[in-house]
Structure formats: structure tokens, C-alpha cells
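Participant: I'd like to ask some things about the structure below.
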Amino acid sequence: MHLLISTPQQVLVDLADVVSFRGEDASGCFGLLAGHEDFLTMLQPSVLRWRRAGGERGYCAVPGGVLSLNQQTLRIACRNGIVGSRLELLEAEVHQARDAHVESVRQARVEQLRLHTQAVRQLVRYLRPEGDTAIVPPGERP
């Protein structure tokens, strides 16, 4: 298979002798071998793995992307990626990136809740002026 991993700025990997590939999509991990039928999927943040005809292994950490296999050409388009030779380091980077993303989402939710609370307080102050502390039951006039 011909493996091509690219970002909008550059080609990360361009190999013509890949015999096996492993990736991860929403359904889990999957493998592709030479001769596989055409295939299309959305990749999850993960480390892509492949083996070349000579037995050399390669790895690339991606934050997600689109994988297409068409006529024995395996193309992966992603926003960015890190090519490396040490699987442990790349997996650690992927886990760190996932953790950072989860933390940023959590902080965004906290900030959203804080802004919402502040807006509700402003509405209450506007609807009930400072000197007006009496609570009037619905349907009664003050």
C-alpha cells in the first residue's frame, strides 16, 4: 500500500511499501492489510502505526482526521501530526493532549456557568430595585 499522511501545511509521511496499518476510529481499533477493500473513516485522536515491507515500524500521533483507502493508496488528512519512532512517547503525547482538551472543556463550562449566574443576578437586580424588598403574591397589587 502507498501511505500518505498530510496536513494543510505539509506531507508528514509518504511511503510506497506499507504492508500493514493500524488506526482508531469511533468503533475502536482497526487494521488494514495490503489488498483490503476500499475504506473510509474518521480517525480519533490516537497514534497511527504501520509496518513496511522490510519490517520497519513507524508511528504518527494525530488529533483526529479522515482516512481513505482507495485502490491501495491509504490517505490520511489531519490538522497536525507528530511522526516518531518511539511508540511510548507518542502515546504519552496523545494522552496529554486528550487530558488538556478535557481540562479546557471543563474550564469553558465553569466560565459559562459563571457568566450565566452573573447575568441572572443582574436580571434580578434590574427587576427588583434596591428599596423593594416586599414580595407580592401573584394577582395582588401592592
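The values are calculated or read from the model by the stated rules, or taken from the named source; none is laboratory data. Keep in mind that what you see is a predicted model, and the values were worked out from it rather than measured. Quick reminder, even Gly has a Cβ in these numbers, built from the backbone with ideal geometry, and neighbours come from all protein chains shown.
Participant: Quick check: is even one residue across segment 24-32 of a type in the set (D, E, K, R) and over 17 Å from H2 (Cβ atoms)?
Facilitator: Yes, segment 24-32 contains a residue that is of a type in the set (D, E, K, R) and over 17 Å from H2 (Cβ atoms).
Participant: Now for a separate question. Considering only segment 2-9, I want to know if a residue exists there that is over 19 Å from E91 (Cα atoms) and surrounded by fewer than 11 Cβ atoms within 10 Å (Cβ to Cβ).
Facilitator: There is at least one residue in segment 2-9 that is over 19 Å from E91 (Cα atoms) and surrounded by fewer than 11 Cβ atoms within 10 Å (Cβ to Cβ).
Conditions (1) within 15 Å of E24 (Cα to Cα); (2) modelled with pLDDT of 85 or more, marked per residue:
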| site | (1), (2) |
| --- | --- |
| L74 | yes, yes |
| C78 | yes, yes |
| S85 | no, no |
| L90 | yes, no |
| A119 | no, yes |
| P129 | no, no |
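Participant: Tell me which residues, restricted to segment 11-32, are without any contact (Cβ under 8 Å) to a residue 24 or more places away in the chain, within 22 Å of S85 (Cβ to Cβ) and of a type outside the set (D, E).
Facilitator: Answer for segment 11-32, where residues must be without any contact (Cβ under 8 Å) to a residue 24 or more places away in the chain, within 22 Å of S85 (Cβ to Cβ) and of a type outside the set (D, E): V11, A16, C29, G31.
Participant: Please verify whether segment 25-33 includes one or more residues that are farther than 23 Å from D99 by Cβ and surrounded by 13 or more Cβ atoms within 10 Å (Cβ to Cβ).
Facilitator: Yes, segment 25-33 contains a residue that is farther than 23 Å from D99 by Cβ and surrounded by 13 or more Cβ atoms within 10 Å (Cβ to Cβ).
Participant: Shifting gears a bit: Could you please let me know if L48 is surrounded by 16 or more Cβ atoms within 10 Å (Cβ to Cβ), aliphatic (A, V, I, L, M) and touching a Leu at 6+ places or on another chain (Cβ under 6 Å)? Before you say what the answer is, go through the steps one by one.
Facilitator: On the way: surrounded by 16 or more Cβ atoms within 10 Å (Cβ to Cβ): yes; aliphatic (A, V, I, L, M): yes; touching a Leu at 6+ places or on another chain (Cβ under 6 Å): no.
When the stated conditions are applied, L48 does not pass them.
Participant: Within segment 92-124, count every residue that is more than 26 Å from G64 (Cα to Cα) and among the hydroxyl-bearing types (S, T, Y).
Facilitator: Qualifying residue count for the region: 1.
Participant: Is it the case that some residue within segment 37-44 is assigned to a loop (DSSP other than H, G, I, E, B), among the polar types (S, T, N, Q), out of contact with any Lys or Arg (no Cβ under 6 Å at 6 or more places or on another chain) and under 22 Å from E88 (Cα atoms)?
Facilitator: Within segment 37-44, one or more residues are assigned to a loop (DSSP other than H, G, I, E, B), among the polar types (S, T, N, Q), out of contact with any Lys or Arg (no Cβ under 6 Å at 6 or more places or on another chain) and under 22 Å from E88 (Cα atoms).
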